[in-house]
C-alpha cells in the first residue's frame, strides 16, 4: 500500500511521519508516537475512550483517518499537564473521586476540556450532554460531573 | 470511630493520579520490541463437531510466526472449576459462537488476521439447544459433557433451600400469588476489552500480563495446561479497565493462548480483543427463568415462598453452579417465612456461556422476589415499605436457611432512611392518585440481603505481605486485584492506620504471583473484609517489631510509648522519628518483613438438605427509585434515586460512594436497556451501537447513605459494598414503573416496547453481526 506523508502537531510538538493511509489517528498516536493515553474501547465511535482534541474540538480518534488529521493540531491527555502540574480537570478528577478503573478517564478528560474551553460555566445539563458520548461503566457519572463543575470553578479563578 | 487517623476519612485513591495523567499502562498499552500480535480463530456456529482442522496454511502467510490448537496443551488444555469442562482451544466440538479453535501469532495484526483466514476448518453443524425450558427433555441436543451418574448431560446442578412444608402453609394463606419473571443475559461492558501479553523467559518459562481478576487462578491454569513448573510461570496484573466479574475465564483462555505462542516463538505475544470479539466471545450474566409462589395472611404477614428458577449456563459450567447457589440462598429475599422451598436448576445450552457478574445470581433472584413482594403488598393493600418492614429480617431472627442473625443487621434502618430521604409517603400517595395522562410518575422500593464473601463456595482466606525497604518505603502486597473498586486504597489506608505512618510512605503493589501470596479469587465483594483483614494482620505484625525497636531506642516498655503523627514519644517526652526507629530496628537485627493471614469463620451448609449457615454475615440495603414514564413511547427516565446500605464500617468513603453510584447505574442499565440476546445461539448486539449501556444522560444524581452497623469479624467493623450496590436497582426501578403505569413488567429489560405493548417486539434474529464481528480487525 502506498504510504502518505503526514504532518501533525501533537501537544505542541511537531511530527512528520510516513504511514499507510488506512490507519486511524488513534493508531498513529498509540503505535507510532507512543501516546497510549487515548484508549481503543470500541473502534466505532461509540464509547469515547479515544477522545482527543482536533483543533480544539473533541473527536473520536478511532474514526479519524490519519490523512484527514494532516496539518492539524492534536491535544491528548498527555498534553494536559503543564510544567509538571496537573490540569485543574485532572486535579478535580482525583480529588472528587471521578476515577475508578480509569480506562474511560483520558477520553472523559478531553471531552470535558473541549466543553470548558468553549463554555467556562456549564450547568449540570450541559456537562451531561457534553459527556454523553463517553461511556463509563464504573462510576455512574455522578462524581465525573462533580469534578467537571469543580474544575470549571478553578479555571475561572485562575 | 472518629479515633481513626485514616479509616473513614476523605482519602484520594492511590492510583488516581497515574490514571488522569494517562500514564497508567493497561495490557493493550504495551508495545514491546519484537512483540507479536495474536488472534484467535473463533467458531461462527453455535454447536458443531470439528471434522477437519489444518492450521499449516496459516504458516504460509507472510508475517505469521506460529499457530496453535488444543493439541499444543496438556490434556488438550482442559480446565475449569468446579466443573472441568472447558478447553483453552476447542477440543473435538464447539459449543458456542465465538469459541476459540486455534490461535495465530504474527508480526502485525493484519497478518494475524490473514493467518486466521488461511486456516482450513471444516465444522459439521449439530442441532443447537437454545431454549432452556427444554434443556432437560430426553431428546434435547447434548451440550454438557457425558456423565456417569445417569443424570441428563445438560443438567448442571440444583441448589435448594428448604424450610417446613410450603404446600401446607400455602393452604393456610389468605393470599397466594403465582408469578413468573425472566431476566436476560447481560454483558459486563467493561470499557477495556480482554487482553493478555506473554513474555518468554530465558529459563523456558513465561511471564504473563493479563487483565484478569484472580492472578493465582490464572497462574495455576497456565502451569497445568502448559505443563510448566510453578517457578516458570508468573502472572502479573496491570491496571484492569473494569471487570464486574467478567475478567476471569476468558482471560485464562487468552493468557494460556499467548503463553503457548510466546513459548513457541520465543517472542513476546500480545492479544487484545476488538469490542465485537469481546462481546461475542465473553461470558455473560446467566439468563434466568424464575417462578415464584408467595403466600401471606390478611394481616400482612408473609408465610411461605416457593422459588423454582432455571439459570442458563450456556456452553460451559464456568461459575454458574456457584451463581445458582448464591441465587438460591437469596431467592426468598430478606424476609421471615414459616415455610420456604427454593430450587434453582442450572442447565447447559448453546447460548454463549455464562459466568460471574456483579451480584452473582442474587441480581437475578432479587429482581424476581422484590417484584413479587411488591405484588403481594399490592394484593394486600399495604404500602410496600410497611409490608417489607413488617416481614424483614432483624437482629436475632432466624433466616429461612436456619441461621440466627446475631449481629450487623441494618435492613430496617436502610428502609427507614430511604423512606424519609425520598419523601416516600407523600410521593407514593400523590402518584397513586395522579390523573390519567401520557407522562406518569411512580416511586418504587426494593430491599436486599447479600451474603458476604464466598460463603459455602470454598475456603475463604487471604494473605498480605508487608516490608520496609532500605529507603524506609513500606511495600505492601495482596493476592487480590483492584480492577477499579479501590481495594488498593483500602489496603493502604489499613496499613497506614495500623503502623501510624503517612499513606504516602506505602507502596501498594499490584498483584504479581512472584511477590504476592495466593489469596483466592478476587470475587464475591471479599476484598475489603477478607483482604483487608489480611493487610491489618500483616501491618499489626510489623507494628509489633517497630514498637519493640522504638521501646529499645527510648529505653522504655512498649506500653509506655505513644505516637504523635509518625513520631514515637517515650515517657520522658523524648521524640524519635519513624525513620530512626526503622534504622534502629535494622541495627537490632529485627526482620522488617512480615505477612498476615486471615481465615474467615467456618460456615456450614448442607447442599442437598438446603439448610445451614451459608454465609457468616450479610450486607443489607434498600433502594428507592423515582421514575417518569412517557407511556406514548415507553420511555422511562429515572428522576431520582436513593440508596441506603448497611455495609458495616466504611473504610474508604470515596470508594464506597463510587461503588454505589456505579452499581446503581449498572442496575438501571439492567432494568431499562440491556439485553444480550441470543437468537439461535447468535448474539444480536456486538458493539455499543446496539448494546446500549447508560450514558451520563440516563443516570440521575444518586443519594447514598451508609448504615454502618459494626461487624465484629470485619476490619474496623467493615463488611462489603461492591456487588450489593447493584443488586436492588432493577427491582426498585421496575416497582416504580409498575406504580407509574399500573401494570407489571416481569421480563427485563423494561424497554420501550415492553412499556408500551407489554411485550418484546422482536424481529427474527440474524447471525450476520456475529459473523462480521468475528472478521473485523
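The values are calculated or read from the model by the stated rules, or taken from the named source; none is laboratory data. The structure presented is a predicted model; accordingly, all values stated were derived computationally and were not measured. Reconstructed Cβ throughout: ideal geometry from the backbone, glycine too, with neighbour counts over all protein chains shown.
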Exercise. Residues in region B:182-197: is at least one closer than 16 Å to residue B:77 by Cβ and part of a strand (DSSP E or B)?
Worked result: yes
Problem set entry | Top-ranked residue in region A:114-123 [being assigned to a helix (DSSP H, G or I) and out of contact with any helix residue (DSSP H, G or I) (no Cβ under 6 Å at 6 or more places or on another chain); ranked as farthest from residue B:488 (Cα to Cα)] | A:118
For this session: Would you confirm whether any residue within region B:680-691 is over 20 Å from residue A:128 (Cβ atoms) and free of Cβ contacts under 8 Å to residues at least 40 places away in the same chain?
Result: yes
Problem set entry | Check on residue A:19, within 14 Å of another protein chain (Cβ to nearest Cβ), surrounded by fewer than 18 Cβ atoms within 10 Å (Cβ to Cβ) and either modelled with pLDDT under 95 or touching a helix residue (DSSP H, G or I) at 6+ places or on another chain (Cβ under 8 Å) (or both) | yes
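Listed here are the residues, each with its yes/no results for (1) away from chain A (no Cβ under 14 Å); (2) surrounded by fewer than 18 Cβ atoms within 10 Å (Cβ to Cβ); (3) within 30 Å of residue B:390 (Cβ to Cβ); (4) in contact (Cβ under 8 Å) with a residue 40 or more places away in the chain.
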| site | (1), (2), (3), (4) |
| --- | --- |
| B:422 | yes, no, yes, yes |
| B:429 | yes, yes, yes, no |
| B:442 | yes, no, yes, yes |
| B:457 | yes, no, no, yes |
| B:477 | yes, no, no, yes |
| B:521 | yes, no, no, yes |
| B:526 | yes, no, no, yes |
Exercise. Does residue B:468 satisfy the criteria of being crowded, with 22+ Cβ neighbours inside 10 Å and under 30 Å from residue B:564 (Cα atoms)?
Worked result: yes
Exercise. Is region A:34-50 home to any residue that is more than 11 Å from every other protein chain (Cβ to nearest Cβ), touching a strand residue (DSSP E or B) at 6+ places or on another chain (Cβ under 7 Å), modelled with pLDDT of 95 or more and buried (at least 17 other Cβ atoms within 10 Å of the Cβ)?
Worked result: no
Problem set entry | Members of region B:401-421 found to be in contact with a helix residue (DSSP H, G or I) (Cβ under 9 Å, 6 or more places away or on another chain) and assigned to a loop (DSSP other than H, G, I, E, B), listed by number | B:401, B:408
Seminar exercise, completed: Picking from A:152, A:132, the residue that is surrounded by fewer than 24 Cβ atoms within 10 Å (Cβ to Cβ), more than 16 Å from the chain's Cα centre (by Cα) and either more than 30 Å from residue B:723 (Cβ to Cβ) or within 11 Å of chain B (Cβ to nearest Cβ) (or both) would be A:152
Exercise. For region B:94-140, which residues satisfy the criterion of being part of a loop (DSSP other than H, G, I, E, B) and farther than 26 Å from residue B:310 by Cα?
Worked result: B:107, B:108, B:119
Exercise. In this structure, does residue B:241 turn out to be under 25 Å from residue B:674 (Cβ atoms), crowded, with 19+ Cβ neighbours inside 10 Å, within 14 Å of chain A (Cβ to nearest Cβ) and touching a strand residue (DSSP E or B) at 6+ places or on another chain (Cβ under 6 Å)?
Worked result: no
Exercise. If you go through region B:734-751 one residue at a time, how many are farther than 21 Å from residue B:177 by Cα and touching a strand residue (DSSP E or B) at 6+ places or on another chain (Cβ under 6 Å)?
Worked result: 1
For this session: Would you please name the residue that is surrounded by the most Cβ atoms within 10 Å (Cβ to Cβ), looking only at residues in region A:54-113 that are away from chain B (no Cβ under 12 Å), in contact (Cβ under 8 Å) with a residue 40 or more places away in the chain and part of a loop (DSSP other than H, G, I, E, B)?
Result: A:64
